[in-house]
Structures are given as C-alpha cells and as structure tokens.
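Peer 1: Submitted below is the structure of interest, expressed as structure tokens.
Only the coordinates and a few stated rules stand behind these numbers; no lab work does. Remember, it's a predicted structure, so these values are computed and weren't measured experimentally. Methodologically, a virtual Cβ is constructed for each residue, glycine included, from the backbone with ideal geometry; neighbour enumeration extends over all protein chains shown.
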Amino acid sequence: MSMSKPFLIRLIMAILLPLCSLILSGCASSYPEIEPGFESDWQAQPHEAQVYLIPSASEALARRIDAIRHAQQSIDITYFSWNQDLSGLMLLNELKLAADRGVQVRIILDDLLVFNETWLAELAQHQNIALRIFNPFHSRKTGWLGRSLDFERHKAQLDNRLHEKYFNVDGQVMILGGRNIGDNYFGYSQEANFFDLDVVFKGDILQPFMMNYRQLWNSDLLSPIEQLIHTKGNSHYRHFDRAWQRHQDEQPQVLAAISASLADLPTMHFIRAQVTPVFDSLNKVKDNKPYFRSRVEHLMNDAIANAKKAVISTPYLIPTQHRYDIIETLTKQNTQVTLITNSSASNDSAFIPAYFEQYRPELLAMGVDLYEFRDDAINTDHLYHVATYYHNKTFIFDDKLAYVGSSNFDPRSNFLNIEFGVVIDSPAFAEALTHYLLARKADLYWHVTLAPDGSISWHSGEETHDASPNYGGWHKLPDWFIRQLDSEFEL
C-alpha cells in the first residue's frame, strides 16, 4: 500500500521546499500584523444556485469529461496540480478535442509542481488553448535542488501559491471542491488515493466566479507557459501524444472503468439553495494577510455565535499562532463540535503529524468529538483499495449552512495560498454532505476520546489503541526535528 516512487518524491519535495528554505536561512516566516477590524467592511452577496454533491470519485472524473464533450463555446479551468497520468492526460486530450471543435480553452496552473513539462506546454500551441502559470519559479530544469535554492533566494515572492480548484464550461456548469487532477483524486491510482469531494453548480452563482477568473487571468501574477517552457513549433504534440498513448497501453483496466462510468452517468438531482461566494484577494501575494479567512469568519459571525452543532472537516488540523480560535469559541459556548481529519498515519504530509500529535490533547480537552481517518480505510468508490488519505475541506453548521472550497483552514491557506469557497444555505444539501462524510464513520475513522485520567484512546469497531495507530515510536525523532524548525506558518 505504498505510494509510487515518482508521486511520493514530488509530494514530499513539494512539502520540503519551504522547510529547505528554513534550514538554509535558519529562520521561519513570521505572521503578518493584522489591524483591528481587518476586512470588517467586506460585504457578502448571496446568489441563487442549483447544487449537486457528486457522490463518488469516479463520477467526479466522468462529470468533467462529460461536460467537456458537451462544451460549445468556452472552458475555464484552475488547479493547484495536474498529474501526468491517465486521468490527467485523458482530460487534457478531451480539452484538445474540444478546442478542435472551436471551443476556447483557458487553463491556469500553479507552478509548484510544474518543471520542464514539455508535454503540457505543447498544448498551448493549439490556437484555441491558452495555458498560464501562476507565480512561476525561475528554476525549471534543475530539479528540486535548483528549485529549493530558487525558493530560498526569492522566498518573499515564491511562498504564495494558487490553491483554487475551478472548472467552468460555457458559463453554464461549474465544479468546485478539493480535488486536483490526477488518478489519485478519482480513485484510479494503484498506490494511493484521496477521499475528497466535488460539487456541481448551476445558476447565478457562476457569474461572480467568472469575474474572479477574469481578474486572475488578466493579472501580472500569471505567465504564458510558452514563455517558460520551450517547445518545437512543429512537434505536433509529440510529447503529449506519446505520454497519452503510453498510459492507455499500461492502464487498460482504468480506461475501461472510466468508460463504464461515463456510460452509466446518473441523472443529477439538483438542490436549490442560496450560495454566497468568498474570494481571496490577490493582494495576499504582497502582504500575506488573511483575506479569505477573515471574510469567511465575517460571513459566519452570527452562525458561529448561535451554533448548537458544527461539523468541521480538514485534512490538516494546524492552529494559527498556536490557537484554534473558532473551535475554542464554539466549545466554550457548548456547541457540539465534530472534527474530522487525518490520523497521523493516514496524513499525506510528512510534517503535519509532528505538530498535530502535540495539539491533539488540547483539542480533546476542549470537548470536541474527534474522528481521524484510518490509514487502511477502504473507500468503496475507488477502483483500487490502496492507501487512502483524507482531503475533504468543508464545514456544516446547525444542519443548514455548509462550506465547500479549496481552503484547508490551516496557516498556509490563511496567509499564503490564494483560496476561494462558497457557503451554501440549504438543509437538504447540509444533510447530503453530512451523509457523504459520516455515513460510514465506523469503517473509515478512528473515534478518538480522552479519558478523565488524561489518556487518549482510538476506537474503530472492535479495535482499540492507546497510542496513535500505526504511527510508531520511530517518528519521535524526526517529529522533534521538524518542530524545531518552527514551520507552522508554512504548513
């Protein structure tokens, strides 16, 4: 159940990048000064929408493919990462076919995992495809070592990343959620997959997202990929076609599963709701201030103050300046708080557990109901039952208000990454989302409890542990070392 070597290396190095800078420079980034009343004049604007929670990983990919095949005019896309695997290449091939029909395709990708990706840059040769890269690195051909040195020299610029996940076809249908693009987000990886969620939107809510995309597209934070990666003008997509054909040849079972999912797409039953969008400010790249988090908190002020029940889900449960302010506020007023996150063993980050192991007792002492994702959990909608990591980013208040978006509710999302999300006002949607997260809680999670004597137990079915399951003592030394770097701001 180990991850593939290329994916593991890319994932670990993506997390190591800021930590390499810490080791080289000997100091951590500091939190910015936030003036009193920051963003208090921000105004929320609700919009009418139809919403549909995609119930499975395989359908999440099939919905995207189906939407592309029905596109008539335009497709706008933003993602943090796009893997060169069967799912990633299939979606790009569908976009190329749409562009052949005259559909205008625009793609924005963050640069953290984009090196000298000729296969990707070739697509921008198409007259109907434009691909731009957010906040590009100067290093492109020297691997992670060169990129780490680049990061150290230009940290103030490069620490801010684009974390949005956005998919809009013809201004008629939009998909938002936590998934990036790759086999591991759709249950098709043979090494490791993510338990994640996506929501389909229709209606007036698409308009503010289209305006936000236009602002980003026209900003000086983006560079055309052809300015960064050289391709031969007469290549005719040679690198892309070769990669696409190789993955089809190597993964016929996945190809067949995707085809079956497309052939069996169910009718979407939409729920009508009021949906309020929350966007980050691009000024965050200059000042690292928590625009997005402050706006969400402002929008949710009354709901937080009057909450009787709250479900909060995030893959990385790291506090800001050592404080879980919202959770503390909720528990002090006797709100029933359910927290869902990764266990230390299931976390795809090698660094989050070093801190979370220290904070778990504090959270339990507040009185939260804590569920941690099992590292051996089996998601029935995944083709391959391998290692699975929790990646859902959402909250639900009083079975009525639900958040869906890109933010992990951690310091990096609050201060460094560009994020967005929506708050959905609908008891029916809140019920569907709660079911999606917790219907199989006995199978997917450890229920973590605190005894009166201060001991912590992990329970799942008939299993009980008195220490973090499958997270052995050999982690103590590297966890200690990570904590000495004082890198919470970077996580």
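Peer 1: For the stretch 269-387, what is the charge dipole size about the Cα centre, in debye to the nearest 20, if Lys and Arg each add +1 at the Cβ and Asp and Glu each add -1 at the Cβ? Kindly include the intermediate steps, with their values, before the conclusion.
Peer 2: Values: 12 positive and 14 negative charges, 104 e Å.
It comes to approximately 500 debye.
Peer 1: Is the shape of the stretch 52-263 rounded, prolate or oblate, going by the alpha carbon gyration tensor and its root eigenvalues a ≥ b ≥ c, with a/c under 1.5 for rounded and a/b larger than b/c for prolate?
Peer 2: Details: a/c = 1.39, a/b = 1.21, b/c = 1.14.
Here the stretch 52-263 falls in the rounded category.
Peer 1: Another question, if that's okay. What relative contact order, as a whole-number percentage, does the chain give when Cα pairs under 8 Å and 6 or more residues apart are counted?
Peer 2: Numbers: 947 pairs, mean separation 100.1, N = 491.
Answer for the chain is 20 percent.
Peer 1: Could you give the distance between the Cα centres of the stretch 329-395 and the stretch 430-491, to the whole Å?
Peer 2: 6 Å
Peer 1: Using packing as a proxy for protection, rank 172-184, 298-310 so that the peptide with the highest average count of other Cβ atoms within 10 Å comes first.
Peer 2: Working: 172-184: 24.1, 298-310: 15.2.
Going from most to least packed, we get 172-184, 298-310.
Peer 1: Oh, and also: Between residue 308 and residue 118, what length in nm is gained on full extension when 0.36 nm per residue of separation is reduced by their alpha carbon distance?
Peer 2: In short, 63.1 nm is gained.
Peer 1: With runs of 4+ DSSP H residues as the only contributors, calculate the mean residue ellipticity of the chain at 222 nm using -39,500 (n - 2.57) per run, divided by the residue total and rounded to the nearest 500.
Peer 2: Values: 18 runs with 176 residues, N = 491.
Using -39500 (n - 2.57) per qualifying helix, the result is -10500 deg cm²/dmol.
Peer 1: For helix 143-153, what angle does its Cα long axis make with the longest principal axis of the chain, in degrees from 0 to 90 and rounded to 10?
Peer 2: So the inclination is approximately 70 degrees.
Peer 1: Continuing with this model, one more query. For residue 351, what charge total do you get from the other residues with a beta carbon under 10 Å from its beta carbon, if Lys and Arg give +1 and Asp and Glu give -1? Don't skip to the answer; put the middle values down first.
Peer 2: Working: positive: 483; negative: 479, 488, 490.
Net charge in that neighbourhood comes out at -2.
Peer 1: Show me, for the stretch 38-46, the HN-Hα J-couplings you get by feeding each phi into the Karplus relation (A = 6.51, B = -1.76, C = 1.60, θ = phi - 60°), rounded to Hz, glycine and proline as x.
Peer 2: Ordered by residue, 3J(HN,Hα) equals 3, 6, 5, 8, 5, 10, 8, 10, x Hz.
Peer 1: Can you say what percent of the DSSP beta bridges in the stretch 52-263, counting only those with both residues inside, are antiparallel? Round to 5. Could you put the intermediate results ahead of the total?
Peer 2: Working: 17 of 30 bridges.
DSSP beta bridges in the stretch 52-263 are roughly 55 percent antiparallel.
Peer 1: Where nothing but the Cβ of Lys and Arg (+1) and of Asp and Glu (-1) is charged, how large is the charge dipole of the chain around its Cα centre, in debye to the nearest 20?
Peer 2: On the way: 42 positive and 60 negative charges, 232 e Å.
Using Cβ point charges on Lys, Arg, Asp and Glu, the chain gives about 1120 debye.
Peer 1: Rounded to whole Å, give me the distance from the Cα center of the stretch 38-77 to that of the stretch 265-315.
Peer 2: 15 Å
Peer 1: Any idea how far apart residue 470 and residue 44 come out in nm if each label point goes 7 Å out from Cα toward Cβ?
Peer 2: 3.8 nm
Peer 1: From the backbone phi of the stretch 218-227, what are the Karplus-calculated ³J(HN,Hα) couplings (6.51 cos²θ - 1.76 cosθ + 1.60, θ = phi - 60°) in whole Hz, Gly and Pro given as x?
Peer 2: Couplings: 8, 7, 7, 7, 10, 10, x, 4, 5, 7 Hz.
Peer 1: What residues qualify as long-range amide H neighbours of residue 464, i.e. H under 5 Å apart, gap of 5 or more or another chain, H built at 1.01 Å from N?
Peer 2: Amide H neighbours of residue 464, under 5 Å, 5+ apart: none.
Peer 1: Still on this model: If you bin the C-alpha pair distances of the chain every 20 Å from 0, what whole percents do you get?
Peer 2: Computed distribution, short to long bins: 23, 61, 16, 0.
Peer 1: Show me 32-45, 449-462 ranked by packing, highest mean number of other Cβ atoms within 10 Å first.
Peer 2: On the way: 32-45: 10.6, 449-462: 12.1.
Per-residue Cβ counts within 10 Å, averaged per peptide and sorted highest first, yield 449-462, 32-45.
Peer 1: With angles folded into 0 to 90 degrees, how steeply does helix 238-250 sit against the dominant principal axis of the chain? Use alpha carbons for both and round to 10.
Peer 2: 60 degrees
Peer 1: For a quick check: with amide H placed at 1.01 Å from N, whose amide H comes under 5 Å from residue 49's, ignoring anything fewer than 5 positions away on the same chain?
Peer 2: Result for residue 49 returns 273, 275.
Peer 1: Using only Cα atoms, locate the centre of the stretch 219-258 and the centre of the stretch 170-185, then give the distance between them in Å, rounded to an integer.
Peer 2: One Cα centre to the other: 19 Å.
Peer 1: Any idea which of 102, 86, 197 is furthest toward the positive side of the dipole for the stretch 52-263, if Lys and Arg beta-carbons carry +1 and Asp and Glu beta-carbons -1?
Peer 2: 102
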